[in-house]
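> Sharing a structure below in structure tokens format, with a few things to ask.
The values are calculated or read from the model by the stated rules, or taken from the named source; none is laboratory data. From a predicted model like this one, the values you see are computed outputs, not experimental measurements. Please note: Cβ atoms are built from the backbone with ideal geometry, for glycine as well, and neighbour counts cover all protein chains shown. Note: areas computed on protein heavy atoms with side chains; ligands, DNA, RNA excluded. Shrake-Rupley method; radii C 1.70, N 1.55, O 1.52, S 1.80 Å.
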Amino acid sequence: ETGVTQTPRHLVMGMTNKKSLKCEQHLGHNAMYWYKQSAKKPLELMFVYNFKEQTENNSVPSRFSPECPNSSHLFLHLHTLQPEDSALYLCASSHRDTNEKLFFGSGTQLSVL
Amino acid sequence: AQKVTQAQTEISVVEKEDVTLDCVYETRDTTYYLFWYKQPPSGELVFLIRRNSFDEQNEISGRYSWNFQKSTSSFNFTITASQVVDSAVYFCALSGNNAGNMLTFGGGTRLMVKP
């Protein structure tokens with residue numbers, strides 16, 4: 001148990017659906033992250049929030065929309081996704097957003113049909 | 001730009017064998033940090049170690065040891081007397097000022113330890 005909880009663990013959605021991924025941490029961390037892990041690519045950083053402010057958007061398509069209402073919660077809103085967006089989406093947190101070790105959740109395995 | 005290369009995509013060993021996972025990195029930063037993470041089948045990445053670029057001392061933690069060699073830009077990870085529970089994907093990662101202090105991950109090495 002790393003202290004970072006992600007829901008749902010698995011999600012299947014059609015290309016026209018709208019869904020949200022949720023991440024929650026109770027470690028007192030100030031930075032939260034979304035990573036995408038595809039079968040054939042290295043882990044890709046998507047977004048970084050530090051003290052609820054977005055500090056990094058790694059050229060992510062607008063069909064992915066993050067939301068960070070407070071330092072403990074992070075959402076990833078999904079709409080009109082493509083089949084190539086199928087991947088494991090990992091949330092992480094750390095004390096700060098620079099050079100810190102990350103604590104990861106177990107991820108949401110997303111399949112887009 | 002910074003880059004992390006884990007040339008071994010998959011390694012298979014028999015229990016009790018020693019195994020070394022290779023990691024080679026590229027960076028223009030003079031100050032940077034190197035990490036290793038373990039990803040078991042459950043999915044979450046588990047932090048193993050972080051090293052500062054100024055600290056080239058090798059580190060040992062139980063059956064795990066790390067060899068940091070700045071001259072060859074390598075940060076290799078050795079598991080001694082491997083166990084089935086060591087089966088996982090292992091990621092090497094790098095962070096530094098050049099990339100906004102964000103982690104750059106290698107492609108990972110899948111380690112399978114057979115009984």
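> Considering A:Ser93, A:Ser106, which residue is in contact (Cβ under 8 Å) with a residue 40 or more places away in the chain, of a type in the set (Gly, Ala, Ser) and touching a Ser or Thr at 6+ places or on another chain (Cβ under 7 Å)?
A:Ser106
> Count, please, the residues in the range B:68-80 that happen to be within 12 Å of B:Cys92 (Cβ to Cβ), part of a strand (DSSP E or B) and open to solvent by 30 Å² or more (accessible area, probe 1.4 Å).
Number satisfying all stated conditions: 1.
Residues checked against (1) at the interface with chain B (Cβ under 9 Å from one of its Cβ atoms); (2) assigned to a loop (DSSP other than H, G, I, E, B); (3) modelled with pLDDT of 95 or more; (4) at negative phi:
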position: A:Leu74; (1), (2), (3), (4): no, no, yes, yes
position: A:Glu84; (1), (2), (3), (4): no, no, no, yes
position: A:Leu90; (1), (2), (3), (4): yes, no, yes, yes
position: A:Asp97; (1), (2), (3), (4): yes, yes, no, yes
position: A:Leu110; (1), (2), (3), (4): no, no, yes, yes
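> Further, regarding this structure: For B:Ser61, only one of the following conditions fails: (1) touching a residue at least 24 places away in the same chain (Cβ under 8 Å); (2) exposed (fewer than 13 other Cβ atoms within 10 Å of the Cβ); (3) more than 18 Å from A:Lys40 (Cα to Cα). What is its number?
Failing condition for B:Ser61: (1).
Condition check ((1) within 9 Å of another protein chain (Cβ to nearest Cβ); (2) modelled with pLDDT of 95 or more; (3) open to solvent by 10 Å² or more (accessible area, probe 1.4 Å)) across all residues:
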site	(1), (2), (3)
B:Trp36	no, yes, no
B:Ser53	no, no, no
B:Cys92	no, yes, no
B:Gly100	yes, no, yes
B:Leu111	no, yes, no
